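Reading through the structure tokens given below for one structure.
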Amino acid sequence: MRPLFIAGNWKMNPGTSEAAVALAEAVKAGVGQETRVRVALCPPSVFLNAVDGVLENSPIGLGAQNMHWKADGAYTGELSGSMLVDAGCTHVILGHSERRHGMHETSQEVNEKLKAALAAKLIPIVCIGETLVEREAHKTDEVVGTQLEESLKGLTAEEMNGVVLAYEPVWAIGTGKTATPAQAQHVHAFIRSMLREIFGEATASRVIVQYGGSVKPENAADLLACPDIDGSLVGGASLKAADFLGIINAGLAVTAKGKA
Ligand code: 13P
């Protein structure tokens with residue numbers, strides 16, 4: 001059985017380190033020593049050190065939202081994997097749609113970053129997902145499949161065991177429109193079938209595939225109960241400790257019941 005993994009992607013929020021520390025403290029207090037559901041917080045990089053300090057003696061992981069593929073050098077404004085590890089990171093989000101679409105990041109770049117993240121011993125959370133136009137043109141599987149193939153190119157099955165995927169339909173991000181559990185499960189099952197084809201059954205059954213896109217305490221349980229949905233990557237609702245803890249509690253309830 002794959003454990004559920006709930007990660008909060010704070011994006012470019014909150015506005016101050018005090019607010020970041022307060023949010024992390026509230027999540028830490030709510031999670032306590034609970035490990036049946038895995039949890040990580042991904043604050044803006046300037047707050048990583050401060051949040052790492054808060055998360056001491058907590059099972060909650062710490063993730064960055066991006067990194068560069070080079071280990072060092074003249075790359076103004078960029079951060080390397082080893083810098084993130086030095087700041088306390090265990091995870092790093094790669095290829096978020098806001099970077100793919102807003103900053104024109106390609107799957108080839110995501111692939112370079114993924115290899116660098118693994119070399120730095122970070123757990124990458126690789127995001128893939130289709131736009132509304134692509135979904136309406138019935139191209140969801142094609143787009144998701146191509147992003148997956150290109151982003152994961154050259155990885156061995158053993159390396160893939162250390163990677164987390166996040167299916168985030170672009171049309172569901174920050175819009176309040178969540179994919180229905182059936183829509184999400186369909187794509188998650190497709191992703192797992194591709195993993196099976198590329199890396200074999202053992203790896204396909206081990207890789208955690210999160211769902212992201214307007215996940216809230218109210219819809220989390222139905223999504224998390226789907227057989228191929230192994231957690232969530234939460235944006236807006238991760239900025240309120242009570243909502244984020246509500247999603248974690250939904251995950252705990254699903255874990256206690258077992259998947260259907
Ligand atoms: P929302 O939960 O705000 O829709 O964002 C999802 C997301 O992009 C997480 O990475």
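No value in this document is a laboratory result; all are computed from the given coordinates. Nothing here was measured: the structure is a model prediction, and the numbers come from that model. Glycine also receives a Cβ, built like all others from the backbone with ideal geometry; neighbour counts cover every protein chain displayed.
Could you give the size of the charge dipole of region 208-260 about its Cα centre, using +1 on the Cβ of each K and R and -1 on the Cβ of each D and E, expressed in debye and rounded to the nearest 20?
Details: 4 positive and 5 negative charges, 20 e Å.
The dipole of region 208-260 has a size of about 100 debye.
If you take all C-alpha pairs in the chain, what percent of them are over 28 Å apart?
On the way: 9198 of 33670 pairs.
Taking all Cα-Cα pairs of the chain, the fraction more than 28 Å apart is 27 percent.
Can you work out ³J(HN,Hα) from phi for every residue in region 9-20, in order, using Karplus 6.51 cos²θ - 1.76 cosθ + 1.60 and θ = phi - 60°, giving whole Hz and x for Gly and Pro?
Here the 3J(HN,Hα) series is 9, 6, 6, 9, 9, x, x, 9, 5, 4, 5, 5 Hz.
Please report the antiparallel percentage of the DSSP beta bridges confined to the chain, to the nearest 5. Before the final figure, lay out each step's value.
Numbers: 0 of 27 bridges.
Once the DSSP bridges in the chain are tallied, antiparallel ones form about 0 percent.
Using only alpha carbons, build the gyration tensor for region 160-254 and give me the equivalent ellipsoid semi-axes, biggest first, whole Å.
On the way: eigenvalues 110, 37, 26 Å².
Result for region 160-254: semi-axes of 23, 14, 11 Å.
Quick one: which residues, 5 or more positions from Ile6 or on another chain, have an amide H under 5 Å from its amide H? H modelled 1.01 Å from N in the peptide plane, none for Pro or chain starts.
Arg38, Val39, Ala40, Ser232
So for Val234, Val133, fewest C-beta neighbours within 10 Å to most, what's the order? Intermediate values should be presented prior to the final figure.
Working: Val234 26, Val133 10.
Least to most surrounded, the residues fall as Val133, Val234.
What's log10 of I(q)/I(0) for region 95-239 at q = 0.08 Å⁻¹, Debye sum over Cα points only, no solvent?
-0.19
Over region 16-151, with a single point scatterer placed on each C-alpha, what log10 of the ratio I(q)/I(0) does the Debye formula yield at q = 0.11, 0.14 1/Å?
Scattering profile of region 16-151, log10 relative to I(0): -0.46, -0.71.
How long is the gain from Ile198 to Ala242 if the chain were fully straight, where each residue apart is worth 0.36 nm and the alpha carbon distance is subtracted? Before the final figure, lay out each step's value.
Values: separation 44, 0.36 × 44 = 15.84 nm, distance 3.94 nm.
Value of the extension gain: 11.9 nm.
I want to check the label-to-label distance for Glu56 and Met12. Put each point 7 Å from Cα in the C-beta direction and report it in nm to one decimal.
3.2 nm
In the calculated pair distance distribution of region 99-151, what percentage of Cα-Cα distances lie above 13 Å? Can you show the working numbers first?
Values: 851 of 1378 pairs.
In whole percent, the long-distance tail amounts to 62.
On a C-alpha basis, how far is the centre of region 91-118 from the centre of region 156-172 in Å? Whole number, if you could?
Rounded to whole Å, the Cα centres lie 11 Å apart.
Which number do you get for Rg(Cα) / (2.2 N^0.38 Å) in region 139-188?
Numbers: Rg = 12.8 Å, N = 50, 2.2 N^0.38 = 9.7 Å.
The reported ratio for this selection is 1.32.
Report the FRET efficiency, 1/(1 + (r/R0)^6), for Leu252 and Lys70, where r is their Cβ-Cβ distance and R0 is 30 Å, rounded to 0.05. Numbers along the way, then the final one.
Details: r = 40 Å, r/R0 = 1.33.
According to the calculation, E is roughly 0.15.
So if each residue of separation counts as 0.36 nm, and I subtract the Cα-Cα distance between Ser205 and Ala157, what length gain in nm does that give? Please list the in-between numbers first.
Values: separation 48, 0.36 × 48 = 17.28 nm, distance 1.15 nm.
Length difference between fully extended and current span is 16.1 nm.
Among Ala87, Met194, Gln33, flag the residue with its Cα farthest along the positive direction of the charge dipole of the chain, charges on Cβ as +1 for Lys/Arg and -1 for Asp/Glu.
Gln33
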